[in-house]
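Notes to accompany the following structure.
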Amino acid sequence: MTRQSTDRGDRARDDQAARVWAAMRDLTDRYPPKDALRGALNLGRGSGRVKALLWLSEGPLSLSGIADAVGVDAPYATLIVDALEERGLVERRPDPADRRRKLVSLTSEGKEAIARVASIQRQPPPGFDRLSAAELDTLEGLLRRLTRPGPVSQDALDQNLHLSI
């Protein structure tokens, strides 16, 4: 095989990988529908409030930590927290390490809201019911290999396909 045909093969594989990645992103970006999450939380149209709650489910954050996590500026993070606090989902407390700073954490109502979100997020999107058990096994194995730390070798991917078929 010539170098030119190898380069074409690499490009074709890279193009295919880009198409598969785009399809995966499209699936995860669309499901669960953002309005389903907003409806479950009764938070209105802004996605910053949902994102902030999800980040806070991992533990308390400062306002600047929320701003960084959600990708907004500090004044907007304050508005997000104000809205969540008004709904009883979060509370601000002094940071024990620095009393000048406040930490934001979930209230029991906020934890219940996160449980509702988790329930919605665990539901597979439409279309998964059309996959056979073997197809789901193959997909699960591939995704586990892709999300495992470290490089993914082609041999490992090939081995998974042979085991699942």
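I'd like the orientation of helix 108-122 relative to the chain: the angle between its Cα long axis and the longest Cα principal axis, in ° from 0 to 90, rounded to 10.
Compared with the principal axis, the helix lies near 20 degrees.
Which distance in nm do the two modelled labels at A133 and Y76 give, with both placed 7 Å along the Cα-to-Cβ direction?
So the two model labels end up 4.8 nm from each other.
Find out how many positive minus negative residues lie around A18, taking Lys and Arg as positive, Asp and Glu as negative, among other residues whose Cβ is under 12 Å from that of A18. Let's see the in-between values first.
Values: positive: R11, R13, R19, R25; negative: D14, D15.
So the environment of A18 carries a net charge of +2.
Can you give me the Kirkwood hydrodynamic radius for segment 30-123, using every pair of distinct Cα atoms, in Å to one decimal? Intermediate values should be presented prior to the final figure.
Details: mean 1/r = 0.0751 Å⁻¹.
Averaging 1/r across every pair of different Cα atoms and inverting gives 13.3 Å.
Compare the peptides 37-45, 21-29 by average per-residue count of other Cβ atoms within 10 angstrom and give them in order, highest first.
Values: 37-45: 14.8, 21-29: 10.3.
Per-residue Cβ counts within 10 Å, averaged per peptide and sorted highest first, yield 37-45, 21-29.
Expressed as a fraction of 2.2 N^0.38 Å, the rule-of-thumb size for a compact globular protein of N residues, what is the C-alpha radius of gyration of segment 31-84? Don't jump to the answer; show the numbers that get you there.
Working: Rg = 10.8 Å, N = 54, 2.2 N^0.38 = 10.0 Å.
Scaled against compact globular proteins, the figure is 1.08.
Only residues of segment 108-133 count here: report those whose backbone N is under 17 Å from the spot 7 Å along Cα→Cβ of L143, or say none.
Zone members listed by number: 118-133.
So what is the 222 nm mean residue ellipticity for the chain from helices alone, if each DSSP H run of at least 4 adds -39500 (n - 2.57) and you divide by all residues, rounding to the nearest 500 deg cm²/dmol? Present the calculation step by step, with values, prior to reporting the outcome.
Values: 8 runs with 108 residues, N = 165.
Helix-only estimate at 222 nm: -21000 deg cm²/dmol.
Over all distinct Cα pairs, what is the inverse of the mean 1/r for the chain, reported as the Kirkwood hydrodynamic radius in Å?
19.3 Å
Give me the angle, in degrees from 0 to 90, between the Cα long axis of helix 154-164 and the longest principal axis of the Cα atoms of the chain, rounded to the nearest 10.
So the helix axis and the longest Cα principal axis differ by about 90 degrees.
Normalised by the residues of the chain, what does the relative contact order come to in percent, with Cα pairs under 8 Å and at least six apart? Intermediate results must be reported in sequence, preceding the final value.
On the way: 127 pairs, mean separation 29.1, N = 165.
Computed value for the chain: 18 percent relative contact order.
Please give the length that would be gained between A22 and A115 if that part of the chain were fully extended, namely 0.36 nm times their separation in residues minus their C-alpha to C-alpha distance (nm, one decimal). Don't skip to the end; give the middle numbers.
Working: separation 93, 0.36 × 93 = 33.48 nm, distance 2.90 nm.
Result: 30.6 nm gained on full extension.
Among 97-107, 124-134, how do they line up from the highest to the lowest mean number of other beta-carbon atoms within 10 Å?
The densest-packed peptide leads the list: 97-107, 124-134.
Here, each number is a calculation from the coordinates, and none is a lab measurement. Not measured: the values here are computed from a predicted model. Using ideal geometry, Cβ is built from the backbone for each residue, glycine included, and neighbour counts are taken over all protein chains shown.
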